[in-house]
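The values are calculated or read from the model by the stated rules, or taken from the named source; none is laboratory data. Please read all numbers here as calculations on a predicted model, not as lab measurements. Glycine gets a Cβ as well: all are built from the backbone with ideal geometry, and neighbour counts include every protein chain shown. Heavy atoms of the whole protein, side chains included, go into the accessibility calculation; ligands, DNA and RNA do not. Shrake-Rupley method; radii C 1.70, N 1.55, O 1.52, S 1.80 Å.
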Amino acid sequence: MIHDMADRLFRDHVTHRLREDAASGQFPEALWMRIEEAGLAMALVPEAAGGFGVLPGEALGLVRLAGAHGLPLPLAETLIANAVLAGANLALPGGRLTIAEGEALRLERRGEKIHASGHLTLVPFARWANRIVTNAVLDGADHVLSLPVKELALDPAQDLAGMPRDDAEVDLALTEADVGVVSRPVEGMRALGALIRSLAIAGAMETILEMSVQYANDRVQFGRPIGKFQAIQHYLATMAGETAASRTAAEMAAVSYDTPAFALTVAAAKARAGEAAEKVGALAHQIHGAIGYTQEHSLHHFTKRIWGWRDEFGTELDWTGELGRAALSSPHDTFWHFITDSAVQGAPA
C-alpha cells in the first residue's frame, strides 16, 4: 500500500519541468510537504519511536521508487537519518534531513559538552536540509550526531544532475538533543549511503530501460522501428540484464538492513550498481542518439543521476575491495561457503 501511494504521488507531481526547476536551484517545497504529510520519511522508524515500523525491505523500496521517478528531494536521506536518530534514542526533528560520512569529524569534551569540528564533503541536499545526521567516535564509543545546518558554514556545489552536494564546515558545541551515545555499533554512514544509492540506481535504470524500449519501438529508420535491428535488441537485452541484477543485489541489501549480513550485501549491491550504471547509461544514449542529449528530453535527468550516484558513498572499486578483504579474512573453508553463508559478518563496511 505504501508503495502504491508513493508511486501515485511521484507520478502525479514529479514532472520533467519540476526536475528542470530543481536542477536550476529551485527547491520543490510543495512536493516535499505532500511527502511529509504522507509520512513516507518515517517508514523505517519503529512504531515505538513514532514511525510506521515498516519492514526494511518494504520501507527501503521507497528509495527505488524515488530513483525511478528522478525525485529531486532528500527522501532517501531523510528516511535513513530518521531511522539512525531513532536507533540512538534521539528526538526526531521532522523536516528535511540528510546524511554524511563523519570520519573527518573530531569530537572532544569541553566541560559537560561535546564539541564537534571538521569538514564534511559533498553532503547531499545540505542547503535544502534542516539537519545533517552523521556518526563519529569519542572515547571508543559510537556517537550519532544531529547537526543543525543553520549553524554550519556551507560551500555550495552540485552533482552531475544539478542536485545540491555541499561542503560543510563544522565547529560547534553539541547539546543533548544533538548527540547520542549508542549501546551497540551503528552502521557507518558510508554503508547506509551506499544502500540508498544502490536502490536509487536500480530504480532509475528501470526507467531508463523503459524509455529506451519505448524509443526503440517508436523510432523508425530504413522503413522499420530500430528495435527490430539486432544490434539494438542486443543493447536492450544487456540493459535489462544489468538492471535486473542491480535491483536484485540492492533488494538483498535492503532486506539484510540491521543484520550481520548487511556489511557484505551492501558492498555487493553498490559495486554491482556502479558497474551497471556505466553500461546502462552509455547504451541508453547509444539507442536514443542525439535526442537523448538534449535538454528537452528526460533521459539526461536519469543518466546523470546514476552516473553521479555511482561515485557517492564509495565507488565499485572501494566496495569490491571490501568484499575482497572479507573473503581473504573469512574463517570459512571454501569461497563457496563464504558467499552463500547469509549470517557471515564480513569486514566492517
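Computed values, structure above
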| quantity | calculated |
| --- | --- |
| Calculated FRET efficiency for the pair W336/D139, C-beta based, R₀ 45 Å, to 0.05 | 0.60 |
| ³J(HN,Hα) computed for each position of the stretch 115-122 - Karplus, 6.51 cos²θ - 1.76 cosθ + 1.60, integer Hz, glycine/proline x | 9, 10, 8, x, 10, 9, 10, 6 |
| Accessible surface of the stretch 45-168, 1.4 Å probe, proportion on carbon and sulfur as whole % | 49 |
| Distance (nanometres) between label positions extended 7 Å along Cα→Cβ at T315 and Q221 | 3.1 |
| Theoretical FRET efficiency, 1/(1+(r/R0)^6), r = Cβ-Cβ of Y293 and F27, R0 35 Å, to 0.05 | 0.85 |
| Length released on extending from A48 to Q233, taking residue separation times 0.36 nm less the Cα-Cα span | 61.5 nm |
| Where labels lie 7 Å past Cα in the beta-carbon direction, separation of A173 and A104 in nm | 2.6 |
| Accessible area (Å², 1.4 Å probe, nearest 10) - R219 | 90 |
| For the stretch 147-218: rounded, prolate or oblate by the Cα gyration tensor [a/c cutoff 1.5] | oblate |
| Protein-only accessible surface order, largest first, of D178, D155, D21 at 1.4 Å | D155, D21, D178 |
| From the coordinates shown, Cα extents along the principal axes in Å corresponds to which of [x] 55, 48, 39; [y] 79, 55, 37; [z] 65, 51, 40 | [y] |
| Average accessible surface area per residue within the chain, 1.4 Å rolling probe, Å² | 45 |
| At 1.306 mPa s and 10 °C, Stokes diffusion of the stretch 272-314 via Kirkwood alpha-carbon radius, µm² per second | 149 |
| Residue-averaged [θ]222 nm for the chain, counting only DSSP H segments that reach four residues, each worth -39500 (n - 2.57) | -16000 deg cm²/dmol |
| ³J(HN,Hα), Karplus 6.51/-1.76/1.60, whole Hz, each residue of the stretch 268-281, x for Gly, Pro | 5, 5, 5, 5, 5, 5, x, 5, 5, 4, 4, 6, 5, x |
| Amide H contacts of D159 (H built 1.01 Å from N, under 5 Å, at least 5 apart or other chain) | R165 |
